[in-house]
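Computed from the coordinates by the stated procedures, all read-outs in this text should not be read as laboratory data. What you see is a predicted model, and the numbers here were worked out from it, not measured in a lab. So basically every Cβ, Gly included, is an ideal-geometry build from the backbone, and we count neighbours across all protein chains shown.
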Amino acid sequence: MGVQVVDIDDPDDPRVNDFRDLNSVDRRPDLPALPGGRPGKGLVIAEGVLVVERMVASRFATHALFGVEKRRVELGTTLDDPSLAGVPYFRASAEVMAEVIGFHLNRGVLAVSRRPPVCTVAQAVAGATSVAVLEGVNDHENIGSIFRNAAGLGVDAVLFGAGCADPLYRRCVRVSMGHALLVPFARCDDWPGEIGWLREQGFTTIALTPAPDAVPLAGVAGSAKVAFLVGAEGPGLTRAAMRNCDVRTQIPMARGTDSLNVATAAAVAFYERARARM
């Protein structure tokens, strides 16, 4: 027994309110807090067949789906997962979907989950040997890309220091291809104190920086346990964060380029880590 198909013909049907106004700056259902301090729904939204499949496979319990018939067929046996028993698949035309969500969704299907209890830093890194640590990264697409890179290149967890955007924002989940739902993550409450805690757990903490006196990345990624720290576009890591790290490292640049996009730089570091362990 899997999903229960429910046809939606009226875009004002309240049963699809969890999918409504996805582009609204003050009503989006993925906002934990609304303007004026009002509580939001804080829902987690997956877009497209592949991301929906990853939500179903994750710890994020899907409580409704909304899509066209073609995508329901493409999801196939995923919709027979025991976790979806009795969960509604609200089936609608592309036109009705567009009126509900506020734009035409080429991907044709959405799934929605409530946020599970947050992980602690200790829970997120339990058993990990490779960790990404972000500070001040407030661009949702960069965060999504870092999750995708982490999943593809063997990084076990992502930690968020001060000033980072919400990793469960809809765009983050979409750009990550759903890996933000699968790669363990946690927010650091005692920043930058958690860097010292990681060192106590045996991690070599490596700060990525374009500083010319930093050592080349290729020679520092082979420790038994590694935590790579990356900062925001422009300012990079704060001095406090770098002071707490074991080593500062750089990616050698050519042709007068001083640095890479943060998600790209993280991917290079993750690759060097993977290569050092081959």
Filter region 76-100 down to the residues that are over 24 Å from D21 (Cα atoms) and either in contact with an Asp or Glu (Cβ under 9 Å, 6 or more places away or on another chain) or part of a helix (DSSP H, G or I) (or both) and list them by number.
G76, T77, T78, L79, D80, P82, S83, L84
Kindly indicate which of I195, I206 is more than 19 Å from the chain's Cα centre (by Cα), surrounded by 18 or more Cβ atoms within 10 Å (Cβ to Cβ), of a type in the set (V, I, T) and part of a helix (DSSP H, G or I).
I195
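Based on this model, can you work out whether D246 counts as within 23 Å of F147 (Cβ to Cβ) and among the acidic types (D, E)? Walk me through it before giving the result.
Numbers: within 23 Å of F147 (Cβ to Cβ): no; among the acidic types (D, E): yes.
No; evaluated as a whole, the condition is false for this residue.
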In region 2-57, anything touching a helix residue (DSSP H, G or I) at 6+ places or on another chain (Cβ under 9 Å) and either on the phi > 0 side of the Ramachandran plot or small (G, A, S) (or both) is listed as G2, D21, A46, G48, A57
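Within region 255-276, is even one residue hydroxyl-bearing (S, T, Y), surrounded by 14 or more Cβ atoms within 10 Å (Cβ to Cβ) and within 20 Å of A157 (Cα to Cα)?
Of the residues in region 255-276, the ones hydroxyl-bearing (S, T, Y) are 257, 259, 264, 271.
Within this subset, residues satisfying the condition of being surrounded by 14 or more Cβ atoms within 10 Å (Cβ to Cβ) are 259, 264, 271.
Filter once more, so that each one left must be within 20 Å of A157 (Cα to Cα): 264, 271.
Checked against the condition, which is being hydroxyl-bearing (S, T, Y), surrounded by 14 or more Cβ atoms within 10 Å (Cβ to Cβ) and within 20 Å of A157 (Cα to Cα), region 255-276 yields at least one hit.
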Within region 155-170, the residues that are charged (D, E, K, R) and outside any loop (DSSP other than H, G, I, E, B) are R170
In region 219-249, anything surrounded by 15 or more Cβ atoms within 10 Å (Cβ to Cβ) and in contact with a Pro (Cβ under 6 Å, 6 or more places away or on another chain) is listed as A241, N244
Restricting attention to region 133-154, which residues are within 18 Å of E194 (Cα to Cα) and either assigned to a strand (DSSP E or B) or among the β-branched types (V, I, T) (or both)?
V133, L134, E135, V137
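State whether the residues of region 261-276 include one that is in a strand (DSSP E or B) and touching a Ser or Thr at 6+ places or on another chain (Cβ under 6 Å).
no
Looking only at region 101-132, how many residues end up being assigned to a helix (DSSP H, G or I) and either under 26 Å from R277 (Cβ atoms) or free of Cβ contacts under 8 Å to residues at least 12 places away in the same chain (or both)? Lay out the reasoning, then the answer.
Quick first cut of region 101-132, residues assigned to a helix (DSSP H, G or I) only: 101, 121-125.
Subsequent filtering for residues that are either under 26 Å from R277 (Cβ atoms) or free of Cβ contacts under 8 Å to residues at least 12 places away in the same chain (or both) retains 121-125.
Matching residues across region 101-132 total 5.
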